[in-house]
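The values are calculated or read from the model by the stated rules, or taken from the named source; none is laboratory data. Here the structure is a predicted model, which is why all the values come from computation and not from measurement. Here the Cβ positions follow ideal geometry from the backbone for every residue, glycine too, while neighbour counts run over all protein chains shown. The area values use the complete protein model at the heavy-atom level, side chains included, leaving out ligands, DNA and RNA. Shrake-Rupley method; radii C 1.70, N 1.55, O 1.52, S 1.80 Å.
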Amino acid sequence: MSNIFVTAFEPFNGRNTNTSLEVINNIHSKNIKKIILPVSWDRARSEVKNLLGLGPDLLVLCGEAAGRNMITIEKIAINFMDANISDNDGIIKKNQKIFSGLDGHFSNVDVVDIIQKVNKDEELVKLSLSAGSYICNATYYQALSTVYGNTYPTKVIFIHLPVSENQEDIKEKFPSIIEKIIEEIAKKYGFCGI
């Protein structure tokens, strides 16, 4: 059995819901460990480092992205924090590096190939080259930095979900797409899927 972790973020910015949280709560595979991350510059990154220390085969980070109309898989995380809103700890970060390190990290998953396989019959996901500069990106950068810095074998991707209140999307469509992405990654890299 594989060791697959899927994360989502808690609600933030005065909202009482987060699409990523609602969606992973509707993934019903027993082979997936679901984790809720805080919307906190420091605590989310610390939790991701701890999760990677547990040695999962795959870490799928999920977040929501306002303004997107379909699921996107992020190819790169950048070493940059800049937001006009605070995190849930009341902290605002403006125009600064996450920490001393490379300017960016590419996912260690062949994201383009996975997207092509998932979209074989219909377009379900798109490639994104910007995870933004808020906590989604900071968490992704931390995860990739940790994997590359420790030569962990864990595969890491970040999936952005469109903000949605459509219950069919939240309960059926989006969870099934995430499951399909996980299955394709598992097949490509030779570990058991969900």
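Can you confirm whether residue 16 is open to solvent by 20 Å² or more (accessible area, probe 1.4 Å) and either of a type in the set (Val, Ile, Thr) or without any contact (Cβ under 8 Å) to a residue 12 or more places away in the chain (or both)?
Values: open to solvent by 20 Å² or more (accessible area, probe 1.4 Å): yes; either of a type in the set (Val, Ile, Thr) or without any contact (Cβ under 8 Å) to a residue 12 or more places away in the chain (or both): yes.
In short, yes.
Which is in contact (Cβ under 8 Å) with a residue 60 or more places away in the chain, within 20 Å of residue 58 (Cβ to Cβ) and open to solvent by 40 Å² or more (accessible area, probe 1.4 Å), of 152, 140, 148? Lay out the reasoning, then the answer.
Working: 140 fails: open to solvent by 40 Å² or more (accessible area, probe 1.4 Å); 148 fails: in contact (Cβ under 8 Å) with a residue 60 or more places away in the chain.
Only one candidate qualifies: 152.
Among residues belonging to segment 50-66 that are more than 14 Å from the chain's Cα centre (by Cα) and touching a residue at least 40 places away in the same chain (Cβ under 8 Å), point out the one that is surrounded by the most Cβ atoms within 10 Å (Cβ to Cβ). Please lay out each step first, then the result.
We begin by selecting, within segment 50-66, every residue more than 14 Å from the chain's Cα centre (by Cα); these are 50, 53-57, 66.
Remaining after also requiring touching a residue at least 40 places away in the same chain (Cβ under 8 Å): 54-57, 66.
Numbers: 54: 11, 55: 10, 56: 21, 57: 19, 66: 10.
Filtering first and then ranking leaves 56.
Could you please give the count of residues in segment 91-135 that are of a type in the set (S, T, N, Q), closer than 23 Å to residue 173 by Cβ, outside any helix (DSSP H, G or I) and open to solvent by 30 Å² or more (accessible area, probe 1.4 Å)?
First pass over segment 91-135, keeping only residues of a type in the set (S, T, N, Q): 95-96, 100, 107-108, 116, 119, 128, 130, 133.
Those still in the list that are closer than 23 Å to residue 173 by Cβ too: 116, 119, 128.
Filter once more, keeping what is outside any helix (DSSP H, G or I): 119, 128.
From the residues that got through so far, the ones that are open to solvent by 30 Å² or more (accessible area, probe 1.4 Å) too are 119.
Here the count works out to 1.
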